[in-house]
Amino acid sequence: MMRKKPIIGVIDGQGGGIGSQIIKKLREGLSSEQEIVALGTNAVATAAMMKAKANRGASGENAILVSLPEIDVLIGALSIVLANSMMGEITPTISSAIASSCADKILLPLRVPGLEITGYVYQPFPHLIDDAIIKVKAKLEIIK
């Protein structure tokens with residue numbers, strides 16, 4: 001059986017600004033044939049990521065849950081694995097499904113109220129995205 005091409009999923013909520021920046025950088029650094037799926041906790045976030053050139057998009061808890069099994073590499077802010085984060089947009093069901101997903105997860109350690117990561121050294125957001133893209137490329141090479 002021939003293996004499918006790996007699929008990258010980008011998860012974001014609220015206005016989709018973080019996810020859309022990640023997708024723009026992925027598009028710059030990867031083949032135009034690479035499939036990227038935008039998984040938004042709401043339609044506004046999904047629309048922003050689609051505008052950034054995701055191939056497909058899905059909005060809401062059920063759409064995220066249904067789409068997760070096909071994702072090979074998942075990228076988003078650290079808050080996507082924290083129940084009730086993003087002002088409640090990351091439901092306990094979403095965070096649990098993401099944490100349990102077989103996908104390789106690349107999480108950007110953005111500040112979350114009430115959470116401090118020991119040992120983390122602050123980096124500007126563009127540097128975090130650049131580092132994430134390097135990690136995605138490495139994961140895709142392993143999957144191929």
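The values are calculated or read from the model by the stated rules, or taken from the named source; none is laboratory data. Treat the numbers as computed from the prediction; the structure is a model and nothing was measured. Neighbour counts run over all protein chains shown; Cβ positions are idealised from the backbone, glycine included.
A few comments on the model shown:
- Tally, over region 50-72, of residues that are of a type outside the set (S, T, Y) and assigned to a helix (DSSP H, G or I): 11
- Scanning region 73-82 for residues that are of a type outside the set (G, A, S) and part of a loop (DSSP other than H, G, I, E, B) turns up at least one hit.
- Scanning region 29-44 for residues that are over 25 Å from A83 (Cα atoms) and surrounded by 14 or more Cβ atoms within 10 Å (Cβ to Cβ) yields G29, L30, Q34, E35.
- The residues on offer are A99, A132, A47, and the sole one that is surrounded by fewer than 14 Cβ atoms within 10 Å (Cβ to Cβ) and in a helix (DSSP H, G or I) is A99.
- Unique match (being surrounded by fewer than 21 Cβ atoms within 10 Å (Cβ to Cβ) and at pLDDT 95 or above) among L65, L26: L65
- Filter result (small (G, A, S), free of Cβ contacts under 8 Å to residues at least 60 places away in the same chain and either closer than 18 Å to K139 by Cβ or not in a loop (DSSP other than H, G, I, E, B) (or both)) within region 1-44: G17, G19, S20, S31, A38, G40, A43
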